[in-house]
1. Would you be able to tell me the number of residues in the range 263-281 that are more than 20 Å from Ser85 (Cα to Cα) and either of a type in the set (S, T, N, Q) or open to solvent by 70 Å² or more (accessible area, probe 1.4 Å) (or both)?
2. Just need a number here: residues in the range 270-292 that are within 17 Å of Ala355 (Cβ to Cβ) and part of a strand (DSSP E or B).
3. All but one of (1) farther than 18 Å from Asn325 by Cβ; (2) in contact with a Cys (Cβ under 7 Å, 6 or more places away or on another chain) hold for Lys221; which doesn't?
4. Out of curiosity, is Ile284 closer than 17 Å to Ala218 by Cβ and either open to solvent by 20 Å² or more (accessible area, probe 1.4 Å) or free of Cβ contacts under 8 Å to residues at least 12 places away in the same chain (or both)?
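The values are calculated or read from the model by the stated rules, or taken from the named source; none is laboratory data. In this text, all values refer to a predicted model and were calculated from it rather than measured experimentally. All Cβ positions, glycine included, derive from the backbone under ideal geometry; neighbour counts span all protein chains shown. The area values use the complete protein model at the heavy-atom level, side chains included, leaving out ligands, DNA and RNA. Shrake-Rupley method; radii C 1.70, N 1.55, O 1.52, S 1.80 Å.
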Amino acid sequence: MISKEHIIKRFISYVTIDTESDPNSSTTPSTKKQWDLANKLAEELKTIGMHDVTIDDNAYIMATLPSNVEYDIPTIGFISHFDTSPDFTGANVKPQIFENYHGGDILLNKEENIVLSPDYFDDLRQYIGQTLITTDGTTLLGADDKAGICEIVSAMEYLIKNPEIKHGKIRVGFTPDEEIGRGAHKFDVEKFGADWAYTMDGSQIGELEYENFNAAGAKVKVKGKIVHPGYAKGKMINSMYIATEFINSLPRLETPEHTEGYQGFFHLHNIHGDVEETILEYIIRDHDKEKFEARKALFEKLAAELNSQYGIEAIVVDIKDQYYNMKEKVEPVMHIVDIAEEAMKQLDIEPLIKAIRGGTDGSQLSYMGLPCPNIFAGGHNFHGRYEYVPVESMIKATQVICKIAELTAVEK
């Protein structure tokens, strides 16, 4: 039996270490503080009895649990990331534990009157009676994806302590910088040596995902001309007004707050500027490849139209693809999804097979030759002060890992 107290202690030891990544850094990992947890994890893997524990110059961690069967079976892997999102501070995380959740509001922070309420976050109601770990309302929690790491380490420890559970060779991988889209960039798939893997990076209990967004980042640079405002007629070009025209020319309802399911979006996540220059930073997302290409083409079309209207090259668009829908790479090997689904069913977990409205390391790894569906880690409301994770979901995720290992080892 996997101990609740053991899971809680391990998880809290991870989330209280600040590992926020930085999209403006060119190093790997993007922040030095990620090394603090990376080094701890490498030592912990050795302590629980894992073999071939390595941590490279970029903080990528790998380890092996050797097979305990004599026949040939595939090598599988489990992967999670240890950085947290730069969207909200991950410094000085003070987790709170609420046992036997009563189903009502949770006061996270009395001084600032920050409340986690099921009236707004209705997923809370499915965890009545369970133990919740929350923030204190001033930071994110870091369940994305330290819950996944906790589950993988705990599952490996359980398998080591219970050798009667048959399994093949299992590889474990922990990555930096996933939250800024670079988690898989320096992942050595050949060194990892698995036939397939699973990222433990989903949200609510039961999630099983093998589709994700096609993703791109776009920087729209708008040039203006500054002159004295008292003598500006016919001379001044205000970049902020042109930028506003660009923003308003995009479909207003194709934004994150108006879309769901398989609907794509444009998301303006940063804007800064003055009369002389304004920079708009967008992310572009769509599950459908043709619609994804059309979204990128719309940016170029709008820029060309506005440049023509103003008679100058006022707008320059720079678009970079970030990752693609892993469905194309996973569908030819759907048995790896079937195994995960069967593992959940045997543990009385209802599988929720759906598309990710985002991406994981697995989406990039699938295109690097390592098919990699995504499994729930249990957390909710990632990247903000209302993040929480039910302990029971982490225990179930740990059991799913063990059950996948067991099912993969069934002799054909």
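1. 5
2. 4
3. It fails just one condition, (2).
4. Numbers: closer than 17 Å to Ala218 by Cβ: yes; either open to solvent by 20 Å² or more (accessible area, probe 1.4 Å) or free of Cβ contacts under 8 Å to residues at least 12 places away in the same chain (or both): no.
So Ile284 does not fit the description; no.
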